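Supplied in C-alpha cells, the structure appears directly below.
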Amino acid sequence: MDFFQDILIYAFLQKALITSIVVGIICGVIGSFIILRGMALMGDAIGHAILPGVAISYILGINYFYGAVVVGVLTALGIGLISEKSRIKSDAAIGIVFSASFALGIILITMAKSAIDLTQILFGNVLYVRTMDMWLTIIIGVILLLVVIIFFKELLISSFDETMAKVYGLKTRFIHYGIMILLTLVTVASLQTVGVILVVSLLITPASTAYLLTNRLSTMIVLSSIFGALSSVIGIYFSYVYNLPSGPVIALAATAIFLVALIFSPKQGLLWQKLKKQSINN
C-alpha cells in the first residue's frame with residue numbers, strides 16, 4: 001500500500017507514473033505499425049543508434065531530446081540510402097548503421113563519463129524524470145495520436161499492402177519516412193523510461209501481444225496501447241518498491257503479458273490450438 005499512498009504525496013512519483021503511462025501508450029501505437037510493416041529491426045536500430053546524439057547533448061549541456069532526434073532521423077535516412085543506392089539489403093544496412101552508431105555512442109560516453117550516468121541511459125530510470133521531460137513526452141504523444149487519427153486510412157492501406165497503396169496514388173516512400181520520424185520521436189520519449197537498450201521491448205512486445213488477439217488494426221492499436229501502459233505501471237511499481245532500474249522491469253512485465261496471450265489467446269494461443277487438434281483427432 002505504501003506505493004499507492006506515496007503517489008499522492010511525492011511529485012516525482014506522479015511524474016514517473018504519468019510519463020511511463022504515456023510512453024506505454026505511444027509505444028503501443030507506433031509499435032502496431034512497426035509490427036505490421038515488418039520493421040522490428042528498424043525500431044531496435046534507432047533505439048541503439050540515438051546513443052551518440054544523447055552523449056553529444058550531455059557533453060554540450062543541452063536537452064538530450066535534440067541530439068537524439070537529429071541522430072535518429074539521420075540514422076533512418078542513412079539506412080534507407082544504403083539499401084536503395086547499393087546492393088546491400090535493408091537488414092544488413094540496419095546492422096551496419098546501428099552497430100557503428102552504438103559504438104560511437106559508447107566511445108563518446110566513455111570520454112565524458114564524469115558527466116553521464118551510463119546505466120541510466122542504457123536501462124532507463126523513470127523515477128528521475130524531470131517535469132520538462134514529462135511534458136515533452138506528452139507533446140510527442142499528442143502529435144503521434146493526431147497524425148495516426150488524421151492519416152489512419154493511408155497508414156492502414158500502406159501497412160497491409162504497399163503495392164495497393166501505390167495503385168491508389170499514395171506516396172509510400174513519404175509515408176515510410178514519416179513513420180521513421182514518428183518512431184524516432186517515440187524512441188527518444190521512451191529513453192528516460194526504458195533506456196536505449198530496452199526501448200525495443202515497449203515498441204515490439206505490446207504490439208505483438210495485441211497482434212495475437214485481433215485482426216483489426218484499430219483494435220490492435222487500442223490493445224497494444226493498453227498493454228504498453230499496463231507494463232509501464234507494473235514496471236514502475238516494482239522499480240519503486242524494490243529499487244530496480246525501470247527499463248528491465250517494464251520489459252519483463254511486457255514479456256509476461258505476451259506469454260499469457262501466447263498461451264491463452266482464443267484464436268492464436270498455443271493451448272487453444274492444442275485443444276483444437278485434440279478435438280479434430282477425436
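Conditions first: (1) assigned to a helix (DSSP H, G or I); (2) of a type outside the set (Lys, Arg); (3) free of Cβ contacts under 8 Å to residues at least 12 places away in the same chain. Thr184 passes all but one, so which condition is the exception?
The failed condition is (3).
Being of a type outside the set (Val, Ile, Thr), assigned to a helix (DSSP H, G or I) and crowded, with 20+ Cβ neighbours inside 10 Å is the filter here, so list the residues in the stretch 25-43 that pass it. Please lay out each step first, then the result.
Looking only at the stretch 25-43, we keep the residues that are of a type outside the set (Val, Ile, Thr), and these are 27-28, 31-33, 36-43.
Among the residues that remain, those that are also assigned to a helix (DSSP H, G or I) are: 27-28, 31-33, 36, 40-43.
Matches in the stretch 25-43: Cys27, Gly28, Gly31, Ser32, Phe33, Met42, Gly43.
From the list Ile197, Ile226, Ile236, which one is over 22 Å from Ala76 (Cβ atoms), in a helix (DSSP H, G or I), modelled with pLDDT under 90 and not polar (S, T, N, Q)? Lay out the reasoning, then the answer.
Values: Ile197 fails: over 22 Å from Ala76 (Cβ atoms); Ile226 fails: modelled with pLDDT under 90.
Being over 22 Å from Ala76 (Cβ atoms), in a helix (DSSP H, G or I), modelled with pLDDT under 90 and not polar (S, T, N, Q) holds for just one of Ile197, Ile226, Ile236, which is Ile236.
Could you check the stretch 54-72 and list, in sequence order, the residues that are in a helix (DSSP H, G or I), polar (S, T, N, Q) and touching a residue at least 12 places away in the same chain (Cβ under 8 Å)?
Result: no residue meets the conditions.
Looking at this structure, is Tyr168 closer than 18 Å to Thr75 by Cβ, among the aromatic types (Phe, Trp, Tyr) and over 11 Å from the mean Cα position of the chain (by Cα)? It would help to see each step written out before you state the result.
Working: closer than 18 Å to Thr75 by Cβ: no; among the aromatic types (Phe, Trp, Tyr): yes; over 11 Å from the mean Cα position of the chain (by Cα): yes.
No.
Pick out the one residue from Tyr211, Tyr240 that is over 25 Å from Val69 (Cα atoms) and more than 20 Å from the chain's Cα centre (by Cα). Don't jump to the end; show me each part of the working.
On the way: Tyr211 fails: more than 20 Å from the chain's Cα centre (by Cα).
Of the residues listed, the single one that is over 25 Å from Val69 (Cα atoms) and more than 20 Å from the chain's Cα centre (by Cα) is Tyr240.
Go over the candidates Val22, Val70, Val54 one by one and state the one that is under 19 Å from Leu198 (Cβ atoms), at pLDDT 85 or above and either touching a helix residue (DSSP H, G or I) at 6+ places or on another chain (Cβ under 6 Å) or surrounded by 14 or more Cβ atoms within 10 Å (Cβ to Cβ) (or both). Can you show your working first?
Details: Val70 fails: under 19 Å from Leu198 (Cβ atoms); Val54 fails: at pLDDT 85 or above.
Just one listed residue meets the conditions, Val22.
Among the helices (runs of 4 or more DSSP H) confined wholly to the stretch 75-167, which include 3 or more residues that are without any contact (Cβ under 8 Å) to a residue 40 or more places away in the chain and within 20 Å of Gln192 (Cβ to Cβ)? Spell out how you get there, then give the answer.
Working: elements: 90-111, 118-123, 131-150, 152-160, 162-167.
Answer list for the stretch 75-167: 131-150.
The values are calculated or read from the model by the stated rules, or taken from the named source; none is laboratory data. This is a predicted model, so every value here is computed, not measured. We place every Cβ from the backbone using ideal geometry, glycine too, and count neighbours over all the protein chains shown.
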